[in-house]
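Right, one structure below, let's go through it.
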Amino acid sequence: MAKGKETLLLSWQAPDKSFAKCILHHGIGHETPTEGATCTVELTPLRPDSPVDGAVIGYPLNEDVTIVLGDRKSCASEILDKCLATMKQGEICTIETSVQCCCETAIELGVKIQLKTFAKTPDVFIMTPAEKLQRAMDYKEKGKEIFQKGRIQCAFRLFAKALKYLIMITGKDVELSNELLAPLQQLKTLCYLNMAACQLKRKHYQYVVENCSKALSLDGKNVKGMYRRAQAYTGLQEYENAKEDLELALNIEPTNKAVKELKQKVHMHLL
């Protein structure tokens with residue numbers, strides 16, 4: 001083998017066909033990272049002229065970086081997470097795939113990944129309700145941060161992931177203390193509302209209505225839920241439903257400027 005060259009040992013395709021990886025160096029042991037694992041990784045573009053940079057991937061290139069599986073720092077993070085979840089410690093591989101960015105632009109992702117070390121977290125099935133609640137809070141906060149940066153699709157996935165943990169807490173035969181039940185219900189409400197905010201940006205109005213309705217079933221006086229559902233009803237041209245939500249919201253917050261402005265616009269449609 002020529003100096004500096006790496007030999008392909010194995011080619012493998014993900015079951016969902018979202019990416020294919022080529023293993024250049026096998027890792028050690030049998031364990032692989034799971035969600036929440038902290039990984040030390042080096043990422044290197046496959047080609048010097050590649051449009052892929054740290055902003056696209058979400059992490060610095062050509063140096064050791066820490067990746068927590070599930071963080072979703074960029075459009076490419078989901079693919080990186082899926083690939084890392086198949087890797088053993090010390091493994092080196094390459095992946096090439098097309099990634100749909102939040103800006104709707106597809107990019108060709110070609111990167112070499114070296115998994116240097118990783119530290120696993122407890123499996124979700126043995127986590128306590130309090131640990132699941134904390135994990136959900138972490139995902140919600142990360143989603144909020146990413147939403148503010150305009151990465152709507154990535155943010156939605158984090159809010160949905162947070163909600164998944166909350167739903168697992170409230171499964172069958174689970175008894176919760178009052179100390180956990182109140183923040184759980186509050187966080188669940190926020191997740192539904194945040195998912196609705198993402199869907200509103202994409203004009204998926206029917207889904208906005210559904211998620212706001214779920215939030216309002218948990219907190220019937222949530223003005224934000226009424227307002228966002230009214231926005232969706234307006235987008236669906238269901239103006240009577242929008243008017244009803246806005247009137248309810250103003251009964252709770254009579255001086256809410258955004259609600260009053262939307263009510264005025266809805267009124268114009270009903271003339």
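The values are calculated or read from the model by the stated rules, or taken from the named source; none is laboratory data. Fair warning: this is a prediction, and the values are worked out from it, not measured in the lab. Backbone-built Cβ (ideal geometry, glycine too); neighbour counts: all protein chains shown.
Some observations on this one:
- Assessment of region 223-238 against the conditions (assigned to a helix (DSSP H, G or I), without any contact (Cβ under 8 Å) to a residue 12 or more places away in the chain and more than 21 Å from GLN153 (Cβ to Cβ)) yields no matching residue.
- Every test in (1) buried (at least 20 other Cβ atoms within 10 Å of the Cβ); (2) outside any helix (DSSP H, G or I); (3) of a type in the set (Val, Ile, Thr) is passed by THR121 save one, and that test is (1).
- Taking residues in region 141-160 that are on the phi > 0 side of the Ramachandran plot, and partners anywhere that are of a type in the set (Val, Ile, Thr), not one pair has Cβ atoms closer than 9 Å while being at least 6 places apart or on different chains.
Yes/no matrix, rows are residues, columns are (1) at pLDDT below 95; (2) crowded, with 18+ Cβ neighbours inside 10 Å:
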{"site": "LYS140", "(1), (2)": "no, yes"}
{"site": "GLN148", "(1), (2)": "yes, no"}
{"site": "ALA155", "(1), (2)": "yes, yes"}
{"site": "LEU163", "(1), (2)": "no, yes"}
{"site": "MET168", "(1), (2)": "yes, no"}
{"site": "LYS172", "(1), (2)": "yes, no"}
{"site": "ASN178", "(1), (2)": "yes, no"}
{"site": "ALA182", "(1), (2)": "yes, no"}
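- Scanning region 251-261 for residues that are touching a helix residue (DSSP H, G or I) at 6+ places or on another chain (Cβ under 6 Å) and crowded, with 17+ Cβ neighbours inside 10 Å gives a single hit, VAL259.
- Any chance THR117 is in contact (Cβ under 8 Å) with a residue 60 or more places away in the chain, among the polar types (S, T, N, Q) and touching a helix residue (DSSP H, G or I) at 6+ places or on another chain (Cβ under 9 Å): no
- Matching residues, region 75-95, being touching a helix residue (DSSP H, G or I) at 6+ places or on another chain (Cβ under 6 Å) and among the small types (Gly, Ala, Ser): ALA76
- Taken together, the residues in region 161-213 that are assigned to a helix (DSSP H, G or I) and on the phi > 0 side of the Ramachandran plot amount to 0.
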